[in-house]
1. Expressed in nm to one decimal, what extension gain is obtained for the pair Glu44 and Asp244 from 0.36 nm per residue of sequence separation less their Cα-Cα distance?
2. Out of Leu188, Ala201, Met146, whose Cα points farthest toward the positive end of the dipole of region 124-204 (charges: +1 Lys, Arg; -1 Asp, Glu; placed on Cβ)?
3. Starting from one equal scatterer on each C-alpha and no solvent at all, send me the Debye-based log10 I(q)/I(0) for region 136-278 at q = 0.14, 0.17 Å⁻¹, two decimals.
4. Using the Kirkwood formula on the Cα atoms of region 1-108, what hydrodynamic radius do you get, in angstrom to one decimal?
5. Taking amide hydrogens as modeled 1.01 Å from N in the peptide plane, which residues meet the under 5 Å criterion relative to Ala130, leaving out close sequence neighbours?
6. Any chance you could get the radius of gyration and Dmax over the Cα atoms of region 90-167, in Å?
7. Amide H neighbours of Gly153 under 5 Å, counting only residues 5+ apart in sequence or on other chains, H built in-plane at 1.01 Å?
8. Volume per residue, Å³, of the convex hull around the alpha-carbon atoms of region 165-232?
Amino acid sequence: MRTARSPFTDPAQVQDALYVTPDRIGRRTSALHRARVSGRHAAEVIADLAVEASGTATGVIADVGCGRGTSTAVLAARLPQARIIAIDLSSALVATAKSRLPDGSRAGAARADFHHLPFRDEACNLAVAAFCLYHSTTPQRVIAEMARCLAPGGTAILAVKSASSYRELDELIAASGLDSAAPGRPSLYEAAHTGNIEDLAVSSLGACTVTHDTHVFTFPGLAEAAEYLATSPKYVLPPGLAEDHVALAGALRQRLPDQPVTTTSVVTYLTGHLKAAR
Ligand SMILES: C[S@@+](CC[C@H](N)C(=O)[O-])C[C@H]1O[C@@H](n2cnc3c(N)ncnc32)[C@H](O)[C@@H]1O
């Protein structure tokens with residue numbers, strides 16, 4: 001089944017505005033990181049799950065949709081014997097991911113589409129897809145492609161967010177009058193999220209283990225909230241405000257009391273093990 005188009009599943013937006021340079025994702029991640037008051041760092045959780053998975057310490061690990069390579073770098077530090085190959089559609093992010101690898105690491109990064117991974121059948125012992133499956137209208141095909149690349153007994157780790165992530169920010173934008181339709185728009189995470197990830201994975205991976213971690217973010221004021229909001233393609237803002245967090249903060253301050261803003265997101269981790277060969 002295909003998912004309706006949203007900014008996160010629109011190839012033109014994914015390949016241009018969102019990830020053509022590392023800047024926008026860097027600003028988005030950094031604004032969230034500074035505001036996080038509870039919830040574990042996702043790359044650390046993924047590395048813990050990878051270390052727990054048997055037989056991955058010296059094998060090949062694919063980090064699919066690696067972005068700036070945050071999880072790649074943590075995996076490379078925690079599993080130095082493994083050969084990690086990070087994959088992303090954005091050449092700029094592949095270069096960024098490479099530049100953030102630990103010195104002397106055996107890891108590498110390459111540009112590829114996660115619907116057609118550049119691995120032979122059964123070449124990998126572990127495949128990770130963190131916060132990227134929601135960019136495909138057919139995420140179950142990406143999971144099937146990961147399963148194709150896994151050796152018998154191999155492990156897949158998928159990380160997604162709840163469809164309702166950051167909805168308090170939609171309400172804030174609506175209350176300001178800058179985009180009153182925001183809360184009614186489909187979630188950016190509609191294609192792959194906490195509520196459907198098990199169904200998407202089961203036909204390729206079989207029985208899976210799922211855990212959830214609620215992340216709470218408190219932005220000290222509207223200026224800090226605007227740093228995140230200006231990176232979201234969900235909002236339809238007046239000209240001049242969409243990409244400019246300083247102008248957006250000014251517009252919000254004219255309309256709302258400047259006080260701390262809290263929002264939440266459930267991060268879900270799914271681990272699936274392919275059956276071992278008999
Ligand atoms: C939010 S970032 C994920 C970052 C990273 N995995 C992490 O945990 O920090 C989503 C990434 O998915 C990548 N992506 C989107 N569509 C893709 C595709 N068809 N094939 C490969 N990567 C894709 C984007 O270029 C972007 O770098």
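Read-outs: derived from the displayed coordinates by stated rules, not from any lab. A quick note: this is a predicted structure, and the numbers were derived from the prediction, not measured. Methodologically, a virtual Cβ is constructed for each residue, glycine included, from the backbone with ideal geometry; neighbour enumeration extends over all protein chains shown.
1. Gain in length upon complete extension: 68.8 nm.
2. Met146
3. -0.72, -0.90
4. 15.1
5. Long-range HN contacts for Ala130: Val64, Ala159.
6. 14.0, 42
7. For Gly153, the qualifying residues are Leu274, Lys275, Ala276, Ala277.
8. Spread over its residues, the Cα hull of region 165-232 gives 103 Å³ apiece.
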